[in-house]
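Below is one structure, written out as structure tokens; the observations come after it.
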Amino acid sequence: MPTSKDLALQSLSARTKLEDVKEFIRLLGSYLEYLEALGVEAVPAYPEIKSFLDLDPLVPSTLPELEAEIRRCRKCPLHRTRTQAVPGEGPCPSEIMIVGEAPGREEDLEGRPFVGQAGRLLQKMLQAIGLERTQVYITNVVKCRPPGNRTPESEELRACRPYLARQIRLVKPKVILALGAVAARSLLLEEGPLSKLRGRPHRIDGLQVVVSYHPAYLLRNPAAKRAAWEDLQLFRKLLSGGGP
Ligand code: SF4
């Protein structure tokens, strides 16, 4: 049975702890104000993303489970206008991964990436370096077609990119070929024109990335085919284990 002295001491101790917490909060507030005055962001709004693969929330799944999740996805407004989502296709694991921007009209109708004219050109490009489409995992950064084939908006890219990060972890490619500026910037987390990003190998978490023109762009600008051929040769060389 606690005596009245014990109860008095307990009450004093509880009050002291409360005062300590209040004092701590007051000091912390002053410290944060001090940092703010110095222009230091003490509590960043989002964790710093150092690599594209940091976008992966590390949700364990198999590729078929992930693809089914993508087909059900409603995380961004593109789900309202799509016919169907286009997760990607190809072997898993695969040494080779090709990443484009987003599905176009034919991809949206068929549910497969890189079909139609751009897909046929991609197939020819692969054959020119001794590869078949069936050896490659092919996908896009954004899995649903933007209306009118417009460039995906930043909100859509932000919502969809974690799926690509998860696909990369599951497919485990040795080399990724990023086709077009949207794919290149999304993977490398770098801004700048495609002409500044292509022509040299990049690395993301030990993966090698080569950047080149999107086949749809090459169909409109045949003069860029020479540069695309150089990119493909670099891609082939890295795949064979050679340096740039
Ligand atoms: S584009 Fe990506 S994030 Fe948006 S609804 Fe389709 S799968 Fe989901």
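The values are calculated or read from the model by the stated rules, or taken from the named source; none is laboratory data. Not measured: the values here are computed from a predicted model. Counting neighbours? That spans all protein chains shown, and the Cβs are built from the backbone with ideal geometry, glycine included. These accessible areas exclude ligands, DNA and RNA; they are computed on the full protein's heavy atoms, side chains included. Shrake-Rupley method; radii C 1.70, N 1.55, O 1.52, S 1.80 Å.
At a probe radius of 1.4 angstrom, the accessible area of region 52-239 per residue rounds to 46 square angstrom. Evaluating kT/(6 pi eta Rh) at 37 °C and 0.692 mPa s, with the Kirkwood radius of region 52-239 over Cα pairs in the Stokes-Einstein relation, gives 202 µm² s⁻¹.
Applying 1/(1 + (r/R0)^6) with r as the Cβ-Cβ distance of E95 and L35 and R0 = 30 angstrom yields a FRET efficiency of 0.05. Under a 5 Å amide H cut-off, with hydrogens placed 1.01 Å from N, V211 pairs with A178, G199, R200 among residues at least 5 apart or on other chains. Averaging the sequence gap over all C-alpha pairs within less than 8 Å and six or more residues apart, then dividing by the number of residues, gives region 71-180 a relative contact order of 42 percent.
Report, in listed order, any pair from K75/K174; K196/K237; K196/K225; K124/K174; K172/K225 with a Cα-Cα distance greater than 25 Å. Over 25 Å apart, Cα to Cα: K75/K174; K172/K225. Applied to region 72-84, the Karplus parametrisation 6.51 cos²θ - 1.76 cosθ + 1.60 on θ = phi - 60° returns per-residue 3J(HN,Hα) values of 8, 5, 9, 6, 9, x, 5, 5, 6, 9, 6, 7, 7 Hz, with x for Gly and Pro. Charge tally for V210 (other residues, Cβ to Cβ under 15 Å; Lys, Arg +1; Asp, Glu -1): +4.
Shown is the FRET efficiency for Q117 and T151, computed with R0 = 30 Å from the Cβ-Cβ distance and rounded to the nearest 0.05: 0.95.
One decimal place: the segment S61-F24 gains 9.0 nm when fully extended, by the rule 0.36 nm per residue minus the C-alpha distance.
Can you tell me how much longer the chain between E69 and Q233 gets when fully stretched, taken as 0.36 nm per residue apart minus their C-alpha distance, in nm with one decimal?
Details: separation 164, 0.36 × 164 = 59.04 nm, distance 3.52 nm.
That pair, E69 and Q233, stretches by 55.5 nm at full extension.
Would you please give the FRET efficiency between T83 and K196, computed as 1/(1 + (r/R0)^6) with r the Cβ-Cβ distance and R0 = 30 Å, to the nearest 0.05? So the FRET efficiency works out to roughly 0.25.
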